[in-house]
Amino acid sequence: MVRERMKVLKPSTRIMPDNWLQPIPLEKYFPKAQPVEIDLGCGKGRFLLARAKNHPETNLLGIDRMLRRIRKIDNRLRRRGDENVRLLRMEGFYATTFLIPPGSIRTYYIFHPDPWPKTRHAENRMFNPRFVEALHRTLETGGCVHIATDHLPYFEIINQTMSADARFERVEPFVAIDEEKTDFELWYQDKGPIGRCSFRKRP
Ligand SMILES: C[S@@+](CC[C@H](N)C(=O)[O-])C[C@H]1O[C@@H](n2cnc3c(N)ncnc32)[C@H](O)[C@@H]1O
């Protein structure tokens, strides 16, 4: 009886590559061959989970360095049984630089990246020219990066860095529908402006 009432959990959705030093063959981890999008710094996964449900024609990869957050999202996914979401617990700069294969990503969503507001901590920020290089290398031609942050000084730096790179063109900023808003966006939306910018990789 107890067994009958227990919900059967699906296998873990976490990617555990055989080799952490080589690009990950993403196609091995998603049952369907379809475009891959990355939610980088996926946090508690509100956007990731809603987006995956609303877009079954897309494979979504959530990346975050916090194990606790990745495990919580994984537990929810195992109950829901989504086939188009996978999780990677990894530092974002390392993942984009070494683990994501070249030209394999259609879209990056980078929402509310940690701003490290103190000047002496600025070197910890994920966004820097080498990170932009990794985004460019891993995006498909025509692929997009969507960025949003409540921290306007960091937004200015990101916006300027991306605008100065002639390999990207500015496109209309991405604004999530209510159901897909991230936890940080819900928290900040009534408290002040949110900086948003989006860029497409030129041919
Ligand atoms: C401010 S929260 C935003 C979470 C979510 N994107 C949102 O908008 O609600 C930043 C998230 O990015 C993760 N994070 C910060 N720096 C990271 C890095 N270098 N690599 C991977 N994840 C990172 C943190 O663990 C945290 O979950």
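We did not get these values from a lab; they are worked out from the coordinates using the rules stated. Quick caveat, the model's predicted, so the values are computed rather than measured. Cβ sites come from the backbone with ideal geometry, for glycine too, and all protein chains shown count toward neighbours.
Connecting C-alpha atoms closer than 10 Å in a GNM of the chain, tell me which of N159, N124, N84 has the biggest fluctuation.
Fluctuation is largest for N124.
List the aspartates and glutamates whose alpha-carbon lies under 15 Å from that of K201, not counting same-chain residues fewer than 8 positions away?
Correct list for K201: E37, E133, E140, D165, E169, E172.
Give the longest segment of the chain that steers clear of GluC sites (Glu not before Pro) in DSSP loops with at most 16 neighbouring Cβ atoms within 10 Å, not counting the sites themselves. Provide the component values of the computation, followed by the final result.
Values: sites that count: E57, E83, E91.
Longest gap between qualifying sites, sites excluded: 92-203.
Using Cβ counts within 10 Å as a stand-in for footprinting exposure, how do T58, T119 rank, fewest first?
On the way: T58 18, T119 7.
Lowest count first: T119, T58.
Taking the chain as a Gaussian network, Cα atoms linked when under 10 Å apart, which of R170, R69, R80 shows the biggest mean-square fluctuation?
Its mean-square fluctuation being the largest, the pick is R80.
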